[in-house]
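First the structure, in the form of structure tokens, and then the observations on it.
Bear in mind these aren't lab numbers, they're just calculated from the coordinates by the rules spelled out. Because the structure is predicted, anything quoted here is derived from the model rather than measured. Neighbour counts are summed over all protein chains in view; Cβ atoms, including those assigned to glycine, are modelled from backbone coordinates with ideal geometry.
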Amino acid sequence: MDLTSHLLSILIFFPAIGALALLCLKGEDELFIRRLTFVVSVAEFLASLAMLLKVPIGAASYSLVEYKPWITAPPINYHLGVDGISMFLVILTAFLTLLSVLASWKGVHHRIKEFHVMLLLLEVGIIGVFLALDLFLFFVFWEVMLIPMAFLIGIWGHDRRIYAAVKFFLYTMFGSAFMLVGILWLYSLSGSLDLVTIQAYLQQNPSVLSQRTEMLLFLSFFLAFAIKVPLFPLHTWLPDAHVEAPTAGSIILAGVLLKMGTYGMIRFCLPLFPEASHRAAKYVAVLAIIGIIYGALVALVQPNLKKLVAYSSVSHLGFVVLGIFTFHAISMQGAVYQMLAHGISTGALFYLVGMLYDRRHTFEISEYGGLATPMPWYAAFFLFVALSSMGLPMLNGFVGEFLILLGTYQVHWGWASWAATGVILSACYLLWAYQRVFFGDVTHQQNRDLPDLDARERCSLIIFAVVTLWMGIGSPYITRRVAAPVDAVIQQTQSRYAEEAARPARAVIQAQDSARRVVSQ
Amino acid sequence: MVPQVPQTADIIRVLPEISWCGFGVLLMLLQPFLKNRQALTLFAMFGAAVGTLSTFYGHIGPGFFGLIQFDTYSLFFHWLIGLVAFLVILASDSYLARERLEPAEFYALILFATAGMGVLASAQELLTAFIGLEMSSISSYILAGYRRESVKSSESAVKYFLLGSFATAFFLYGIALVYGVTGSTNLAQISTADPNSNLLRLGLALILVGLGFKIAAAPFQVWTPDVYEGAPTPVTALFSAGPKAATFALLLRIFTTIHAATDFWFWAFWILAVVTMFVGNLGAIVQTNVKRMLAYSSIAHAGYTLVALAAVTFLKTDTNAETGPWLAYAAVLFYLLGYALVKVGAFTIVSEIGGQGERYLTLDDFAGLGTRQPFAAAAMSLFLLSLLGLPITAGFFGKFYIFKAAVTSRLIWLVVLMAINTIIGAYYYLRVIVVMYMREHKGEIASEAATSLSPTAAMVVIVAVAATLYLGLFPNHILGIVLNQNLLLSAR
């Protein structure tokens, strides 16, 4: 069997096999379970890197496509494919899962087997979401992913975990229920559930969707994605979910789960409903900008370190949404880049905050102070990651934000200038928090003897730091691969929109022609 | 007039009913001699299986001068109710032992009820349907009160009996009116009458009330929670799966044969569906008793199925294969199958957790089940997720096909309301899962239920789990059956 032709299936289901293997083990072999999960996730990560070799640079279409009929009525196919955008998101998922396993080495003490099973199943769902090219298949993964995440929060989370898990579940269900209706409606209009087929069909027959229908369909998809991103004012589940989730859960949640929303916008909302996207763009952009500023301001006043990082996600994801809905090639590239960069930086921030919690069992900023003295390594890494998160040049956060603002400025300078305040505010809340936690005298006696990073933590943070630095310097490696698919998305969005606009003009010309004919007769 | 004599073919077409009744009678006769409970269980299961498998012997066509119609449609429902009866009998074994109840009559009644449902599923004539309805109802009344010592069980039986008789009266009165208008009780002949006659509408509306009672459609649902809660749990499993499916079979047959594709019936089903969904789901939210919660959930699911019926009445005139009414029939059939299996599985677990006297049915009793009984908790979660309609379960495809049928009919508002109900449903289904996995158990634990499921119950649960996953992952095979355009011979 040719393995590479099934690479995507392997990527999706390999963690599931790992999870099955774990299920067969006894729950007492804690160390073995951790090691096995670690090996599985490393293998998965390496396999995901194989995509880099297989996906040609500059290809706008999907590579490594797999296509198998699954259900006959309605025609649902097992259709997978990867392009530059989804490729990096899959790699990011595999990377962060790997680090989540490391992050929960000491933080998770009970039901260890189930924890790792859930972690791997979550990976299955997320990677499936990024690779599915059939709307139905996409929806299946989208929903399947919910259960392990809700369990991760609900079983291994902190005090208010059940509330947070249920809230997370219901919010997402709310969006996805309407997305299912939208998918079926689209199917009844186009006769297909295959993304590529529908896209081609709609491009050829733009009259299938009336303006109102297109808008409603757009909203049914957009709502599900906006909840997941989360776009202001649908973000209220996020702080709860983040604060209550275990460290590994937070890393995955912030690192990749939120990106499923923005990915969905790029993959589905824009190409399928270009006109509606254009019409909704200014409202979405305003909400995104409100999210950027609001998220940053709330982060500024958080007494809880984890909540601060959570709200910073709201702010950063606002940039991504803004970048997508300006329909500018540069800003959309920036949006994709920001998705990846935010995954790394925020993943690392949650990891760091989790380490602090493992030691002191509190997230309150006021409980800390002067930590730089007992934990110099930790302080150094935290500063590095915080700087990358606030967008210091040479580090990963800068590239994305810069490209987004650059592109946005060319479309709408007002949006760009409002959004730019978010960059400043992010420096404020992160540096202020840093100052309160690390500088000055040690204010609490318990903090005096906190152990610094151990080898495992140091190794994983070094990996994070190297990736952060590489993404800041070597950004062309990624943008070159992202550029073509992004251009394709923009073209799909533009061409039909332009056609729509051109149609009345054509009608006028035809009318003039016929008038002339009448006159000449 | 030449007296009409039933032919062999007629007999063959009611072979399942004859087998079920025959084995029921045999069980009653055997009871004085056979004291071994397990032997009786096996015998009853054998009877259920023989009845179900005898459908393979029968051939398609009308029987008894058009009183019944044996077609793919009734074949499907015979399998469905036969399977439910088989599983319920298997699940009852440990229950009857625990509650020290007489097995023989219990099984005989289940088989009689099943025979009644079989008649319902193939009835092509209203009085035959009435006989089927009564057969299944009267057996059900007795089954509901089978736990004689329990006050709740008696209450359940009395309530069911009184309200059920009332509903039957409606049904009969409806038949009388229909007969008065059309001069016939045969569906094919009724279908030739003017569909806009107000008296015919009234008659059919009364029939709808009578059947609406059986499927627990709001506002005829008030009996459901009390009866479901009081009845012995395996019987509740039977109630929520068998009679419901059979009554839906009849309902669908009536309203596809007569000219129901009118605004009047469309809106009747539309309103019925919406009210039923909301009553069921909003009622379920506040329940702390899992059995009662599942009762309300079955009201909600009746509402979902009614959504598909609204699509049927809307689509009846369309002959296109992809958009025609077949899709909506398929949705109903697929849904009922998945739903029945899931409900049987879920109630079996509830019955096992309940312990002697069914004392442990509240949410608190389910706390910590994830650690005490990992298999039962995982299976229960799967059933609940299927009821909620999450992918890779049978319930998802059921919901998906109903959505699809309704969207194809452009019933977008109805679909949106159903989607909202799904979300409401998510809350209370999820709560059980949360309690099972995320809360620690407090207080006493039913000693019998503390360790694991009884082997027979575990078998039922395994079958239900396998079926749920099979229908959720590979629905092709069953779809091939239910998407058959000649499903309803009479609807051609």
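Mind pulling the angle between the C-alpha long axis of helix B:72-99 and the longest principal axis of chain B? Nearest 10 degrees, somewhere in 0 to 90.
So the inclination is approximately 30 degrees.
For region A:286-500, what does the alpha-carbon gyration tensor say about shape, rounded, prolate or oblate, given a ≥ b ≥ c as the root eigenvalues, a/c under 1.5 as rounded, and a/b over b/c as prolate?
Because a/c hits 1.5 or more and a/b exceeds b/c, region A:286-500 counts as prolate.
Which order do the peptides B:73-84, B:353-364, A:385-396 come out in when sorted by mean C-beta neighbours inside 10 angstrom, highest first?
Averaged packing, sorted descending, gives the order B:73-84, A:385-396, B:353-364.
Go through region B:149-157 residue by residue and turn each phi into a ³J(HN,Hα) via Karplus (6.51, -1.76, 1.60, θ = phi - 60°); whole Hz please, and just put x for glycine and proline.
For region B:149-157, the Karplus curve yields 5, 7, 5, 4, 5, 5, 4, 4, 5 Hz.
Taking the Cβ of each residue in B:413, B:270 as the centre, tally the other Cβ atoms inside 10 Å and list the residues starting with the fewest.
B:413, B:270
Mind checking which of B:213, B:411, B:26 is farthest towards the positive end of chain B's charge dipole, using Cβ charges of +1 (Lys, Arg) and -1 (Asp, Glu) about the Cα centre?
Projecting each Cα onto the dipole axis, the largest value belongs to B:411.
Tell me which trypsin sites (Lys or Arg not before Pro) from region A:9-93 have a DSSP coil assignment and no more than 13 other beta carbons within 10 Å of their own.
A:26
Divide by every residue of chain B the summed helix terms, -39500 (n - 2.57) for each DSSP H run of at least 4, and state the resulting mean residue ellipticity at 222 nm, rounded to the nearest 500 deg cm²/dmol.
-24500 deg cm²/dmol
Which of the lysines could a cross-linker bridge to residue B:214, judged by Cα under 30 Å and excluding same-chain residues fewer than eight apart?
Cross-link targets: B:152, B:159, B:244, B:291, B:316, B:343, B:399, B:404.
Taking region B:1-59, which trypsin sites (Lys or Arg not before Pro) meet the DSSP loop condition and have no more than 15 other C-beta atoms within 10 Å?
Here the sparse-neighbourhood loop sites are B:35.
Below 8 Å between Cα atoms, with a sequence gap of 6+, how large is the relative contact order for region B:132-227 in percent?
29 percent
When N is the residue count of region B:136-293, what does its C-alpha Rg come to as a fraction of 2.2 N^0.38 Å? Please list the in-between numbers first.
On the way: Rg = 16.9 Å, N = 158, 2.2 N^0.38 = 15.1 Å.
Dividing the Cα radius of gyration by 2.2 N^0.38 Å gives 1.12.
Using the count of nearby Cβ atoms within 10 Å as a rough guide to exposure, how do B:305, B:288, B:456 rank from fewest to most?
B:288, B:456, B:305
Tell me, what is the percent relative contact order of region A:286-500, built from C-alpha pairs under 8 Å that lie six or more residues apart?
It rounds to 29 percent for region A:286-500.
Which whole number in µm²/s is D for chain A by Stokes-Einstein, with the Kirkwood Rh taken over Cα pairs at 20 °C and 1.002 mPa s?
Approximately 91 µm²/s, per Stokes-Einstein.
Taking 1 over the mean of 1/r across every pair of different Cα atoms in the protein assembly as shown, what Kirkwood radius in Å do you get?
Value: 30.5 Å, from the Cα pair sum.
So how long is each side of chain B along the principal axes, counting just the alpha-carbon atoms, biggest first, in Å?
Largest first, chain B extends 67, 56, 40 Å along its Cα principal axes.
Give me the angle, in degrees from 0 to 90, between the Cα long axis of helix A:329-360 and the longest principal axis of the Cα atoms of chain A, rounded to the nearest 10.
20 degrees
Take every residue in peptide B:428-438, count the Cβ atoms of other chains within 10 Å of its Cβ, and give the average of those counts.
Values: counts 0, 0, 8, 2, 0, 7, 10, 1, 0, 8, 11.
Mean number of neighbouring Cβ atoms from other chains: 4.
Between region B:21-98 and region B:362-414, what is the separation of their alpha carbon centroids in Å?
Cα centroid to Cα centroid, the span is 28 Å.
Quick one: angle between helix B:103-122 and the longest Cα principal axis of chain B, in degrees between 0 and 90, rounded to 10, please.
30 degrees
For B:438, A:339, what ranking results if the residue with the fewest other Cβ atoms within 10 Å of its Cβ goes first?
B:438, A:339
Expressed as a whole percent, how much of the Cα-Cα distance distribution for region B:1-144 exceeds 20 Å? It would help to have the intermediate numbers written out before the result.
Numbers: 4645 of 10296 pairs.
Tail of P(r) above 20 Å: 45 percent of Cα pairs.
Counting each DSSP H run of 4 or more residues in chain A as -39500 (n - 2.57), what helix-only mean residue ellipticity at 222 nm follows after dividing by all residues, to the nearest 500 deg cm²/dmol?
Theoretical 222 nm ellipticity from helices: -25500 deg cm²/dmol.
Mind jotting down the distance between the C-alpha centroids of region A:258-276 and region A:298-337, whole Å?
17 Å
Per-residue Cβ counts within 10 Å, from other chains only, averaged over A:179-189: what number is that?
Mean partner shielding for this stretch: 5.
Along the charge dipole of region A:286-500, which of A:477, A:342, A:327 sits closest to the positive end, that is, farthest toward it, with unit charges on the beta carbon of Lys, Arg, Asp and Glu (+1, +1, -1, -1)?
Checking the options against the dipole of region A:286-500, the answer is A:477.
How shielded is A:170-178 by partner chains, expressed as the average number of their Cβ atoms within 10 Å of its Cβ atoms? Present the calculation step by step, with values, prior to reporting the outcome.
Working: counts 5, 1, 1, 11, 5, 1, 5, 13, 5.
Counting Cβ atoms of other protein chains within 10 Å of each residue's Cβ and averaging gives 5.
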